[in-house]
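The values are calculated or read from the model by the stated rules, or taken from the named source; none is laboratory data. The structure presented is a predicted model; accordingly, all values stated were derived computationally and were not measured. When we count neighbours, we look across all protein chains shown, and the Cβ atoms used for this are built from the backbone with ideal geometry, even at glycine.
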Amino acid sequence: MSSYRYVNFLWNDAEAAALDPVGRLVYRSNLLGSDQRITNTGGGNTSSKLTEKDPLTGQPIEVLWVKGSGGDLRTSKRENFSSLYQDKLLGLQQVYAARSDKGLKSQAEDDMVGMYAHTTFNLNPRASSIDTPLHSFLPGKHVDHMHPNAIIAIAASANCEKLTQEIFGGEMAYVPWMRPGFELGLAMQDIAKKNPSVKAIMMGQHGFISWDDDDKTCYTRTLDFIEKAAAYIETKYAEKGGDKTAFGGQKYQTLPEGDRRAMFAAILPWLRGQVSQQKRFIGTVQDDEKILRFVNSKDAARLAELGTSCPDHFLRTKIKPLYVDWNPAKEDLGALKSKLHAGLEQYRKDYADYYSRCKRPNSPAMRDPNPTVILIPGLGMIAWGKDKSESRVTAEFYNCAVEVMRGAEAIDRYIALPQQEAFDIEYWLLEEAKLKRMPAEKELARQVVVVVGAGSGIGKETAHRLVKEGAHIVCVDLNTEAANATAKEITDKYGLGIGVAGTGLSSCGPALGLAANITDRVSVRAMLDQVALAYGGFDSICVTAGIFVPSDTTGHIPDEKWAQTFAINVTGSYIVGDEAAKTWREQGLRGNLVLTTSANAVVAKKGSVAYDTSKAAANHLVRELAIELAPLVRVNGVAPATVVQGSAMFPRERVIGSLAKYNIAYTEDEATESLVRKLAQFYADRTLTKAPITPADQAEAYFLLVSARLSKTTGQVVTVDGGLHEAFLR
Ligand SMILES: [Zn+2]
């Protein structure tokens, strides 16, 4: 095809020519995966049959390089591909034929998956995909199996076979829905043998597969088929009236953006609490034009109930989403809540019914019955996952499902996978085994922790400490750039996650930077509402923001400095706790609030009257809030002492002032680092443990207090001061 309107043609001959054969396969895979209209995140696979030197004989041998289990095409590297002896894979057909219990979804078929490891070429450790036989048994040297929305729209149409013939003529054959595996590979082999002119196969309710002996032609052919499908759909769609009449036409109006944000912020924490009764979920919001067109439409209720089609999709989106018939123009938040509540109850009941209707004697136990996709007219979509990345993939897949339904309804009638087939994928023992092989979730997985003061010092260190345990971190600071810088350090290290979805803030990764002034209630509320939009809610808050204002040269502290010290060190923590409490009560999930006090809170001394007094008040604030927020939220404090390293509270001048005060030798031109080390050691020598106290020592205490390790501790202050006997609490 000379030009493409519905896919990106990205092949560059010079780039491809510089690569070895496996490199070209990786290149082709990355190009295909980079266009969402060609395949979804994690979906589809590619292969090349290449001649390699057999390490066992030194002779040339044909090896199938095929995308292995897990990973996704966009980001795949060489190590994501398994390599298998092609002749041994073909030989497995005899092993399979000899099994008396063979057949679709039989034990014999599942057992073949374990046999692929026996055909491994050159000790490649990458586990093989269940789609391996599709690639091995088809005749082309290069094979692409994709999940494009335009093709799935045809695959999910009631008259798929007829449409395939009409759109592609004899070039594309048709195979009805079969669960991927050995039988599907054999069926495809059969089709290709009987029809040598066929270049591709439409896979009912699933996607398609195409092949060629030349890799660039294989790539181009894949694009051509998708282009043809998309062009056919868009013509029919336009003939039917286009966007105006999509999904039966519009029933509800989209709320204005400001109202939508406010409504999402108000409903999300409550909704998160409702769906997180067994396990906590992280949310992603999508409210772009495409999703709104669907949720506002007349047919949304009917189509949503049918569920998603492509097996890849519903493993994340569940068999169907929850759609609530709420009228955004006439009904309020209270009405939305009660409709969601009723909808969730019905959904869980439907899910339990689906499970008991479809389960087999050896099926795994029923999984969480809550929806992972929720659709609300006027507002948009909310998707849930075990972490931000997964919730974004879930949202992406429902975006795909909407596109598929739009296409299918434009050319025919959308049909979903039969429920038993859906169940046999969702509760497939091979899928269960895959889940069991996954590493255990980290200690703070599924949690969102807001760290106030994350731009520097203890707050920054705490943010890094908590993300290591799997928490999502909202880095909050008065200084926006500092907040963003800490969030960026985290996302640079851990990545943004996969999945191409989420609107605005909600498209974030495992960390997010936000600005807030904790002395201003409106600013704190706005920040917490943004957290809800980004992640659906939050579990814990650590307030590490604080201020030390030294006395003037006469040893006196001006009234406004006194007021500022209390505003930040006491009132700020109170406002954060008080505003957060509203969200925690809506959410109804256990959480933690950790405030920062100081060893100075219990040791009176000269020159820091405002700071010390404010920290004494903060100690009591911990106790008061512990009583007010019980039993839902534990409130504790961390009392650091003299953390000089990395502390925003110890600028060079203060370090020099302290060195002078304690008669420690230094010179004016000495490097700050050296001055800091001297002062830190001086402080260390005054403690029982004699070692400098670092931000990392403090971060450990925040971690303990937001984890479940001290789950019976509330209203307490943990000192991290190296052992200052005059600061012992009693
Ligand atoms: Zn597939």
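Report whether or not Leu621 is surrounded by 15 or more Cβ atoms within 10 Å (Cβ to Cβ) and free of Cβ contacts under 8 Å to residues at least 60 places away in the same chain.
yes
When Phe314 is evaluated against the numbered criteria (1) under 30 Å from Gly71 (Cα atoms); (2) among the hydrophobic types (A, V, I, L, M, F, W, C); (3) more than 16 Å from the ligand (Cβ to nearest atom), which criterion, by number, is the only one it fails?
The failed condition is (3).
Test Ile374 against the criterion of being among the β-branched types (Val, Ile, Thr), within 25 Å of the chain's Cα centre (by Cα), assigned to a loop (DSSP other than H, G, I, E, B) and under 30 Å from Ala153 (Cβ atoms), and give yes or no. Even if it seems obvious, please write down each step before you answer.
Values: among the β-branched types (Val, Ile, Thr): yes; within 25 Å of the chain's Cα centre (by Cα): yes; assigned to a loop (DSSP other than H, G, I, E, B): no; under 30 Å from Ala153 (Cβ atoms): yes.
No, not satisfied.
Can you confirm whether the range 564-582 contains a residue that is free of Cβ contacts under 8 Å to residues at least 40 places away in the same chain and under 22 Å from Pro640 (Cα atoms)?
Yes, the range 564-582 contains at least one residue that is free of Cβ contacts under 8 Å to residues at least 40 places away in the same chain and under 22 Å from Pro640 (Cα atoms).
Hey, could you check the range 449-502 for residues that are assigned to a strand (DSSP E or B) and touching a His at 6+ places or on another chain (Cβ under 9 Å) and say which is farthest from Gly513 (Cα to Cα)?
The first filter runs over the range 449-502 and keeps only residues assigned to a strand (DSSP E or B), leaving 449-452, 472-477.
Those still in the list that are touching a His at 6+ places or on another chain (Cβ under 9 Å) too: 449, 473.
Details: Val449: 12, Ile473: 9 Å.
For the range 449-502, the residue satisfying everything is Val449.
Just checking, how many residues over the range 647-691 are touching a residue at least 24 places away in the same chain (Cβ under 8 Å) and touching a Lys or Arg at 6+ places or on another chain (Cβ under 8 Å)?
Residues that pass the stated criteria total 1.
Looking for whichever is over 21 Å from the mean Cα position of the chain (by Cα) and surrounded by fewer than 21 Cβ atoms within 10 Å (Cβ to Cβ) here; the options are Ala454, Ala515. Which one fits?
Every option except Ala515 fails the conditions.
Give Thr132, Thr120 a once-over and let me know the one that is at pLDDT 95 or above and either at positive phi or away from the ligand (no atom under 16 Å from the Cβ) (or both).
None of the other options fit; the residue is Thr120.
Against the conditions (1) within 16 Å of the ligand (Cβ to nearest atom); (2) more than 21 Å from Gly33 (Cβ to Cβ); (3) modelled with pLDDT of 95 or more, where does Arg179 fall short? Just the number, please.
With respect to (1) within 16 Å of the ligand (Cβ to nearest atom); (2) more than 21 Å from Gly33 (Cβ to Cβ); (3) modelled with pLDDT of 95 or more, Arg179 is out only on (3).
Does the range 83-96 contain at least one residue that is closer than 19 Å to Tyr27 by Cβ and modelled with pLDDT of 95 or more?
Let us first name the residues in the range 83-96 that are closer than 19 Å to Tyr27 by Cβ, namely 83.
Adding the requirement that they be modelled with pLDDT of 95 or more leaves 83.
Yes, some residue in the range 83-96 is closer than 19 Å to Tyr27 by Cβ and modelled with pLDDT of 95 or more.
Scanning for something within 20 Å of the chain's Cα centre (by Cα), acidic (Asp, Glu) and at pLDDT 95 or above, does the range 293-310 turn up at least one residue?
No, that holds for no residue.
Going by the structure shown, is Ala665 outside any helix (DSSP H, G or I), farther than 16 Å from Gly457 by Cα and aliphatic (A, V, I, L, M)?
Yes: the conditions hold for Ala665.
Can you list the helices (runs of 4 or more DSSP H) lying wholly within the range 59-173 that have 1 or more residues being without any contact (Cβ under 8 Å) to a residue 40 or more places away in the chain, basic (Lys, Arg) and surrounded by 16 or more Cβ atoms within 10 Å (Cβ to Cβ)?
Per the criteria, 86-97.
Quick one: which helices (runs of 4 or more DSSP H) sit completely within the range 182-300 and have at least 1 residues that are of a type in the set (A, V, I, L, M, F, W, C) and surrounded by fewer than 21 Cβ atoms within 10 Å (Cβ to Cβ)?
182-194, 215-239, 257-275
Given the residues Ala581, Ala601, Ala618, which is the only one that is small (Gly, Ala, Ser), within 27 Å of the chain's Cα centre (by Cα) and farther than 30 Å from Leu496 by Cβ?
Values: Ala601 fails: within 27 Å of the chain's Cα centre (by Cα); Ala618 fails: within 27 Å of the chain's Cα centre (by Cα).
On inspection, the qualifying residue turns out to be Ala581.
Out of the range 585-599, which residues are touching a residue at least 60 places away in the same chain (Cβ under 8 Å) and buried (at least 18 other Cβ atoms within 10 Å of the Cβ)?
Selection gives Glu586, Gln587, Leu589, Asn592, Val594, Thr596, Thr597, Ala599.
Leu444 versus (1) in contact (Cβ under 8 Å) with a residue 12 or more places away in the chain; (2) assigned to a helix (DSSP H, G or I): which is the lone unmet condition?
(2)
Asn362 - would you say it is touching a residue at least 60 places away in the same chain (Cβ under 8 Å) and assigned to a loop (DSSP other than H, G, I, E, B)? So that I can check it myself, show each step before the final result.
Working: touching a residue at least 60 places away in the same chain (Cβ under 8 Å): yes; assigned to a loop (DSSP other than H, G, I, E, B): yes.
The answer is yes for Asn362.
Give the residue, chosen from Ala156, Ala150, Ala187, that is in contact with a Ser or Thr (Cβ under 6 Å, 6 or more places away or on another chain) and within 16 Å of the ligand (Cβ to nearest atom). Full working, then the answer.
Working: Ala150 fails: in contact with a Ser or Thr (Cβ under 6 Å, 6 or more places away or on another chain); Ala187 fails: in contact with a Ser or Thr (Cβ under 6 Å, 6 or more places away or on another chain).
That would be Ala156, the only listed residue that is in contact with a Ser or Thr (Cβ under 6 Å, 6 or more places away or on another chain) and within 16 Å of the ligand (Cβ to nearest atom).
Could you list, ordered by first residue, the pairs with Cβ atoms under 8 Å in which the first is in the range 239-252 and in contact (Cβ under 8 Å) with a residue 60 or more places away in the chain and the second is surrounded by fewer than 16 Cβ atoms within 10 Å (Cβ to Cβ), at least 6 apart or interchain?
Taking only residues 6 or more apart or on different chains, the pairs are Phe247/Lys298; Lys251/Lys298; Tyr252/Asn327; Tyr252/Ala329.
In this structure, does Gly43 turn out to be within 16 Å of the ligand (Cβ to nearest atom) and surrounded by fewer than 18 Cβ atoms within 10 Å (Cβ to Cβ)?
Details: within 16 Å of the ligand (Cβ to nearest atom): yes; surrounded by fewer than 18 Cβ atoms within 10 Å (Cβ to Cβ): no.
When the stated conditions are applied, Gly43 does not pass them.
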